[in-house]
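The values are calculated or read from the model by the stated rules, or taken from the named source; none is laboratory data. Keep in mind that this is a model prediction, so the values were computed, not measured. When we count neighbours, we look across all protein chains shown, and the Cβ atoms used for this are built from the backbone with ideal geometry, even at glycine. Surface areas here come from the heavy atoms of the whole protein model, side chains and all, with no ligands, DNA or RNA. Shrake-Rupley method; radii C 1.70, N 1.55, O 1.52, S 1.80 Å.
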Amino acid sequence: MNKRALITGITGQDGAYLAKLLLKKGYTVYGLHARRASDTLWRLRELDILDRVSLLEGDLTDLSSVIRSMHASEADEVYNLGAQSFVATSWMQPVLTGYVTGLGAVNMLEALRLTNPSARFYQASTSEMFGLVQSPVQSESTPFYPRSPYGAAKLYAHWMTVNYRESFGIHASSGILFNHESPLRGIEFVTRKVTDAVARIKLGKEKQLRLGNIDAKRDWGYADDYVQAMWLMLQQATPDDYVIATGRTTTVREMCQIAFDYVGLDYEKFVVVDPKYFRPAEVDILLGDPRKAKTNLNWEAHTTLEQLIKMMVDADLRRVDRGE
Ligand code: NAP
Ligand code: G4F
């Protein structure tokens, strides 16, 4: 029998790559799809899988629709990727972020417990939970110290996942994923903002790029590598929590340099620091220790930051050239 999966956040970056991976493995794939006035299906179209997934109307904050999606999908594996995931927005909409990113996960866990407690559950936890880092390299045993409403909401969802595992014996795992990017990354996140601007500047459509804190450091990997780790976690006999990272950290400034260098431009001539993009509290540095994932899951990152940025700039050059 083919396995059945339900993905929340299927229209997002990770949801689209995960859906593609699961389809390739022979799964029947369902996605919880929140109604929006404008188009959110472009990633599924770009990966050419829109007509191969079944979209179920529902919202993470609406328990009844989440329960219906569990009934309709009869999922063996549930991947909770849906979230208000943009850190900067979480200070402007802290309550909504709490509902969607925090309580939304509990709605999923409740729906699973009520309808099919033997289904396996994946929670999209995040390195943002480390926030003001308590150790120079962050692993599964590093204490958390979230620095944003988003980080705090994710930490609640993370502990609720642990709690449902320990209280009810649910096969619930959390992937503590460090930043991961791709050509399908939302334009508001810094890597994609940079690669889109590089393409526009190179093709003469724009003259400068305004950024916030370019001294922040991130451990950036490729989303398509990272969704493999999500699937691997649910194939283990025992549920657990895993850091998923590359083990290399780079400043936003160096990432800009890599992107501008790739098209033969000097980033210093185009990048302008604009305090408008500074955050009320910053996560200065993230650097993950992915050794547990290597040992238990035989997972490791395969794509370097240089390869990733090249892929993203190439995709944005094509998009800007087509007038998108
Ligand atoms: P993303 O591109 O922002 O996608 C978020 C998804 O959540 C979208 O499909 C969005 O739907 C959906 N969503 C938002 N509000 C919802 C609601 N109320 N009900 C149902 N769905 C809702 O995020 P991503 O980069 O793919 O990340 C996937 C998950 O991993 C998120 O939970 C994120 O917080 C977490 N994470 C990401 C990273 C990273 O670096 N990418 C690292 C660690 C953890 P619409 O398209 O309709 O808005
Ligand atoms: O690309 P970012 O917005 O990602 P951030 O805040 O690290 O969050 C992402 O990764 C988390 C995992 O650690 C996820 F949980 C979360 O959902 C999301 O996917 O910003 C990265 C860094 C920050 O330090 C930010 O201050 O880049 C800095 N930055 C500097 N200028 C900027 C800008 N970020 C954005 N978005 N836009 C700027 O102009």
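Nearest 0.05, what FRET efficiency do GLU188 and LYS294 give at R0 = 30 Å with Cβ-Cβ as r?
About 0.45, to the nearest 0.05.
When a/c reaches 1.5 or more, the comparison of a/b and b/c decides; with that in mind, is the stretch 22-109 rounded, prolate or oblate per its Cα gyration tensor? It is oblate, given that a/c is not under 1.5 and a/b is not larger than b/c. Taken per residue, the accessible surface of the chain reaches 44 Å², heavy atoms only and a 1.4 Å probe.
In terms of the mean number of neighbouring beta-carbon atoms within 10 Å, the peptides 113-122, 89-98 order highest first as 113-122, 89-98.
Extending 7 Å from Cα along the Cβ direction at GLU74 and again at GLN208 yields two label points whose distance is 6.0 nm.
Near SER54, the amide H atoms lying under 5 Å from its own belong to VAL29, TYR30, GLY31; only residues 5 or more places off or on other chains count, and H is placed 1.01 Å from N. Short-range pairs are left out: with C-alpha atoms under 8 Å and at least six residues apart, the relative contact order of the chain is 17 percent.
Model label sites at GLU57 and ALA281, defined 7 Å from Cα along the beta-carbon direction, differ in position by 4.0 nm. Residues in the stretch 300-306 carry Karplus couplings, in order, of 8, 6, 10, 10, 7, 4, 5 Hz; the curve used is 6.51 cos²θ - 1.76 cosθ + 1.60 with θ = phi - 60°, and Gly or Pro positions show x. Placing pseudo-labels 7 Å out from each Cα toward the beta carbon at GLN134 and SER64 gives an inter-label distance of 4.2 nm.
Each peptide among 315-322, 75-82, 61-68 gets the average number of other Cβ atoms lying within 10 Å of its residues, and from highest to lowest they stand as 75-82, 61-68, 315-322. Can you give me the angle between helix 223-234 and the longest principal axis of the chain, using Cα atoms only, in degrees from 0 to 90, rounded to the nearest 10? The angle comes out at about 20 degrees. Across the chain, Cα-Cα pairs more than 28 Å apart make up 39 percent of the total.
Let me know the charge dipole size of the stretch 1-99 about its Cα centre in debye, to the nearest 20, where only the beta-carbon of Lys, Arg (+1) and Asp, Glu (-1) is charged.
Roughly 200 debye for the stretch 1-99.
Mean residue ellipticity at 222 nm, helices only, the chain: -12000 deg cm²/dmol; runs of at least 4 DSSP H residues each add -39,500 (n - 2.57), and the sum is divided by the number of residues.
DSSP assigns beta bridges within the chain; of those with both partners inside it, close to 5 percent run antiparallel. For the stretch 229-301 versus the stretch 21-52, the inter-centroid distance based on Cα atoms is 25 Å.
The angle separating the long axis of helix 63-73 from the principal Cα axis of greatest extent in the chain is about 80 degrees. The order of the peptides 16-27, 135-146 by mean Cβ neighbours within 10 Å, most packed first, is 16-27, 135-146.
Using a 1.4 angstrom probe on heavy atoms only, work out the carbon and sulfur share of the accessible area of the chain in %. Carbon and sulfur together cover 50 percent of it.
Between the amide H of ILE244 and those of ILE176, LEU177, PHE178, distances stay under 5 Å, these residues lying 5 or more places away or on another chain, with hydrogens modeled in the peptide plane. Couplings 3J(HN,Hα) of the stretch 263-275, computed from phi: 9, x, 10, 8, 4, 5, 7, 10, 7, 10, 7, 10, x Hz, in residue order, whole Hz [Karplus 6.51 cos²θ - 1.76 cosθ + 1.60, θ = phi - 60°; x for Gly and Pro]. Between the amide H of GLN138 and those of LEU287, GLY288, ASP289, distances stay under 5 Å, these residues lying 5 or more places away or on another chain, with hydrogens modeled in the peptide plane. Centroid-to-centroid, using Cα positions, the stretch 59-97 and the stretch 137-162 are 17 Å apart. Once both axes come from the Cα atoms, what is the angle between helix 13-24 and the longest principal axis of the chain, in degrees from 0 to 90, rounded to 10? Between helix and principal axis, roughly 60 degrees.
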